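Working notes for the structure below.
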Amino acid sequence: MCPIDVNLDIPNPVVVGVTVGIPSIPTISLAVDIVNIPKIQVGIDPIVIRLTEIPDVRMHLPVNFNIGLSVLGMELMNLGLCGEAQVITEPYHPNPCEVCGPVEWGRLLREAELAEAFSSGPEVAS
């Protein structure tokens, strides 16, 4: 192996002179004339909604009510009511499952058959 001689001696000291400073402080001026502020007008046009009639709707709302009594986290009594509520704005004609009172099954079957016949469309003869 060949020895390598590395000499890092600096013969004369290096002096670097750096001057850091702010020659003058900048001034910022902000002038606001409070007396002569322009007027700003905001206007909203009137909104007119006209309903000539309420649309025919039959909305079904599932409901589940629970009313209970518990003491120290132990349930003593609970009453649960569940089912379906309806909001009806159309002329009311009860569905077969909505009939209250004595049921005339023959009439309901005839109405269901007629409704099915009209909903399937006209039959085409071949």
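The values are calculated or read from the model by the stated rules, or taken from the named source; none is laboratory data. Small disclaimer: the values here were computed from a predicted structure and weren't measured. Methodologically, a virtual Cβ is constructed for each residue, glycine included, from the backbone with ideal geometry; neighbour enumeration extends over all protein chains shown. We work out accessible area using only protein heavy atoms, side chains counted, and drop any ligands, DNA or RNA first. Shrake-Rupley method; radii C 1.70, N 1.55, O 1.52, S 1.80 Å.
Remarks
- Pick from segment 62-102, criterion acidic (Asp, Glu), touching a strand residue (DSSP E or B) at 6+ places or on another chain (Cβ under 7 Å) and within 30 Å of Ala115 (Cβ to Cβ), ranking: least open to solvent (accessible area, probe 1.4 Å): Glu90
- Residue within segment 68-78 that is among the acidic types (Asp, Glu), modelled with pLDDT of 90 or more and either in a strand (DSSP E or B) or under 28 Å from Cys97 (Cα atoms) (or both) present: yes
- Residue match in segment 109-121 (condition: at pLDDT below 70 and of a type in the set (Ser, Thr, Tyr)): yes
- Residues located in segment 35-61, provided they are free of Cβ contacts under 8 Å to residues at least 24 places away in the same chain and either surrounded by 10 or more Cβ atoms within 10 Å (Cβ to Cβ) or among the charged types (D, E, K, R) (or both): Lys39, Asp45, Arg50, Glu53
- Some residue of segment 12-25 being modelled with pLDDT of 75 or more and loosely packed, with under 10 Cβ neighbours inside 10 Å: yes
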